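First the structure, in the form of structure tokens, and then the observations on it.
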Amino acid sequence: MPLDIIVGAQWGDEGKGRMVDLFASGAAVVARWGGGDNAGHTVTVGDTVFKLHLIPSGIIHPHTIGVMGNGMVINPETLLAEMAKLEELGVPVPPERLRISLNAHLITPAHRALDAAQEQQRAGGKIGTTLRGIGPAYVDKAARRGLRVGDMLDEEDLADKVKAHVENTNLQLTALYNAEPLDPDEVAAQFAEYARQLKPYIADTSVYLHQVLADGKRVLGEGAQGTLLDLDHGTYPYVTSSHPIAPAALVGLGLGFNAVGEVVGVTKVFQTRVGEGGFPTEQDGAVAERLRGTGENPWDEFGTTTGRPRRVGWLDLVLLRYAVRVNGLTRLALTKLDILSGLKPLKICVAYEGGGRTHRELPLGLRGLEDFKPVYQELPGWDEDVRAVRTWADLPQAARDYIHLIEEQSRVAVGWVSVGPERDQLVARG
Ligand code: GDP
Ligand code: IMO
Ligand code: MG
């Protein structure tokens with residue numbers, strides 16, 4: 001059985017957690033390959049709303065084992081808090097249920113302090129990061145001076161490495177950003193305690209995943225962030241510092257090409273973005289309020305991790321086609337169809353205009369995205385409440401037409417349509 005991959009096809013928050021929860025029922029292992037606690041994945045089960053930042057969302061199913069792959073950057077403080085929160089919600093996470101890669105990198109308070117200091121002073125304006133220390137941790141990784149999960153296996157070595165890391169970061173904090181330094185001994189003591197608690201979870205997860213696949217079991221790769229936030233393929237520099245796209249699942253988990261099965265792209269039926277950067281179909285006014293919601297409902301468009309109101313707009317099929325290409329998507333999973341009920345007419349961006357021409361593909365990748373003007377196709381929309389619909393045939397014709405346009409333009413079949421945040425609020429298409 002293969003590795004199936006669930007990937008965000010937009011700027012993150014597409015509803016990956018909700019779709020992973022669905023597919024996890026048939027998987028032995030759910031594995032995250034990148035990012036850190038900048039992610040916020042929501043799974044709603046009855047009255048309980050789980051918000052996962054680090055631990056793979058599959059953990060909510062009692063039979064699945066979670067893997068945190070080598071491509072991740074892990075803040076042990078958040079991880080332990082998340083474990084405690086899950087336990088409170090009736091999902092304990094003992095070592096038998098979670099394996100953390102030796103080669104994943106660690107995020108420290110020094111990384112967080114640097115993220116905040118850099119955001120404040122960034123030339124050319126803020127990126128709008130989640131301030132979780134993600135960028136600085138990946139910088140240390142690429143500079144070959146990072147702290148790795150495996151470093152927690154040797155107490156003395158860990159203390160030396162943490163202190164050297166804090167001292168080095170202090171130099172940057174004080175000299176470049178006029179920010180407060182951290183106490184290296186204090187951070188080293190914190191990490192000694194994290195190491196004591198997390199040691200039983202540390203493993204060579206590449207070996208483990210190979211074995212699971214060799215045993216004929218199914219592994220699900222859980223994407224974090226989204227295609228357009230990819231460091232290479234996203235809207236640089238307004239991106240994250242990792243590779244949310246599907247091909248990176250192999251590098252971030254220590255698997256080879258022969259492992260891959262389906263690659264499912266999750267996309268909302270409209271577009272959202274949190275943080276700065278180009279967004280051609282962005283709306284304000286009444287349409288935006290309608291798409292965003294007021295914040296009363298847990299699914300309204302306010303960041304899971306930071307609580308920031310998300311920017312919202314019409315679905316952009318030029319960007320979706322781009323996501324199909326760079327991920328190799330085999331099927332699409334649509335979310336939040338229920339939100340479009342009663343919003344009439346609906347618009348979908350099918351091309352861009354720029355330089356006196358119409359473009360179906362951007363001429364220079366995502367470069368200069370903000371300078372293009374969306375070309376919209378208008379659809380009538382529908383009034384019916386779709387939240388209780390469970391079959392394709394019961395969806396309003398206008399909703400099916402909207403979905404057909406997505407399929408026709410992306411050339412990828414829609415396999416699933418989510419009509420609400422709950423587990424069962426789903427239309428699966430044969
Ligand atoms: P992720 O980061 O991709 O896992 O997405 P988030 O959890 O950050 O944001 C998606 C939000 O939409 C969450 O609040 C989900 O509960 C909610 N959600 C997912 N699918 C649907 C849906 O079909 N309808 C509605 N109303 N909410 C949904
Ligand atoms: P999930 O997994 C949406 C965005 C931030 C910012 C940029 C860089 O829930 O889809 P970072 O802290 O990563 O350096 O911030 O990336 N960002 C996300 N936006 N969903 C996410 O994760 C995100 N993770 C990072 O808002 O614009
Ligand atoms: Mg999210």
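The values are calculated or read from the model by the stated rules, or taken from the named source; none is laboratory data. This one's a predicted model, so the numbers in the text were calculated from it and none came from an experiment. Note that we place each Cβ from the backbone using ideal geometry, even for glycine, and neighbour counts take in every protein chain shown. Each accessible area value is taken on the protein alone, full model and side chains, heavy atoms only, with ligands, DNA and RNA left out. Shrake-Rupley method; radii C 1.70, N 1.55, O 1.52, S 1.80 Å.
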Springs between alpha-carbon atoms under 10 Å, Gaussian network over the chain: tell me which of Ala123, Ala137, Ala249 tops the mean-square fluctuations. Ala123
Ratio Rg/Rh [Cα only; Rh per Kirkwood] for the chain: 0.97
Give me the distance in nm between label points sitting 7 Å out from Cα along the Cα-to-Cβ direction at Leu131 and Lys85, one decimal. 1.6 nm
What's the angle, to the nearest 10 degrees (0 to 90), between helix 397-410's Cα axis and the longest principal axis of the chain? 60 degrees
Please report the relative contact order for the range 267-428, taking Cα pairs under 8 Å with a sequence separation of at least 6, and give it as a percent rounded to a whole number. 25 percent
If you build a Gaussian network model of the chain, linking Cα atoms that sit under 10 Å apart, which residue out of Tyr402, Tyr208, Tyr238 swings the most? Tyr208
Could you state the accessible area per residue of the range 267-428 in Å², with a 1.4 Å probe and every protein chain left in place? 43 Å²
Cα gyration tensor shape for the range 105-198, rounded if a/c is under 1.5, else prolate or oblate: prolate
Per residue, the convex hull enclosing the Cα atoms of the range 198-266 spans a volume in Å³ of 113 Å³
Evaluate the relative contact order of the range 1-156 (contact order divided by residue number), counting alpha-carbon pairs under 8 angstrom at least 6 apart; express in whole percent. 19 percent
Prolate/oblate/rounded label for the range 10-104 (Cα gyration tensor, a/c 1.5): rounded
Under the Karplus relation with 6.51, -1.76 and 1.60 and θ = phi - 60°, whole-Hz ³J(HN,Hα) for the range 231-239, x at Gly and Pro, equal 4, 8, 9, x, 8, 4, x, 8, 9
So Asp401 and Glu370, fully extended at 0.36 nm per residue minus their Cα-Cα distance, gain in nm 8.3 nm
Which one, Leu182, Tyr352, Thr294, projects farthest toward the positive side of the charge dipole computed for the chain from Cβ point charges (K/R +1, D/E -1)? Tyr352
The long-range amide H neighbours of Leu426, using H built 1.01 Å from N in the peptide plane and a cut-off of under 5 Å, are Val419
Each label sits 7 Å from Cα toward the beta-carbon; between Val251 and Arg387 the label points are separated, in nm, by 4.3 nm
Within the set Val389, Val419, Val207, GNM on the chain using Cα springs under 10 Å gives the largest fluctuation to Val207
Share of the range 337-430's accessible area from carbon and sulfur, percent, 1.4 Å? 48 percent
Cross-link table Lys126/Lys347; Lys51/Lys141; Lys268/Lys347; Lys347/Lys373; Lys126/Lys161, entries beyond 22 Å C-alpha to C-alpha: Lys126/Lys347; Lys51/Lys141; Lys126/Lys161
Using a cut-off of 15 Å between beta-carbons, work out the net charge of the residues near Tyr352 (Lys and Arg +1, Asp and Glu -1, Tyr352 not included). 0
From largest to smallest, what semi-axes in whole angstrom does the range 267-315 give when each is the square root of 5 times an eigenvalue of its alpha carbon gyration tensor? 16, 13, 10
Quote to one decimal, in nm, the extra length available between Asp183 and Glu378 on full extension: 0.36 nm per residue of separation minus the C-alpha distance between them. 64.4 nm
Taking θ as phi - 60°, what are the ³J(HN,Hα) couplings along the range 315-320 by the Karplus curve (6.51, -1.76, 1.60), each to the nearest whole Hz, with x for Gly and Pro? 4, 10, 7, 5, 6, 5
Log10 I(q)/I(0) at q = 0.12, 0.18 Å⁻¹ for the range 267-428, from Debye over equal alpha-carbon scatterers, is -0.53, -1.23
So how exposed is Ser206, as accessible area in Å² (1.4 Å probe, rounded to 10)? 40 Å²
Keeping the other protein chains in place, figure out the carbon and sulfur percent of the accessible area of the range 23-147, with a 1.4 Å probe. 54 percent
If ligands, DNA and RNA are left out, what is the accessible area of Lys141 with a 1.4 Å probe, given in Å² to the nearest 10? 70 Å²
Short version: ³J(HN,Hα) in whole Hz for each residue of the range 31-48, in order, from phi by Karplus 6.51 cos²θ - 1.76 cosθ + 1.60 (θ = phi - 60°), x for Gly and Pro, what are they? 10, 9, 10, x, x, x, 8, 5, 6, x, 10, 9, 10, 10, 10, x, 7, 8
Does anyone have the angle between helix 109-121 and the longest principal axis of the chain? Alpha-carbon axes, 0 to 90°, nearest 10? 50 degrees
Any chance you could look up the accessible area of Leu364 with a 1.4 Å probe, heavy atoms only, rounded to 10 Å²? 130 Å²
Would you mind getting the accessible area per residue of the range 179-237, heavy atoms of the protein chains only, 1.4 Å probe, in Å²? 47 Å²
What does the charge dipole of the range 267-428 about its Cα centre add up to, to the nearest 20 debye, if the Cβ of each Lys and Arg holds +1 and the Cβ of each Asp and Glu holds -1? 520 debye
Nearest 5 percent is fine: what portion of the DSSP beta bridges confined to the chain is antiparallel? 40 percent
Shape call, the range 281-343: gyration tensor on alpha carbons, a/c limit 1.5: prolate
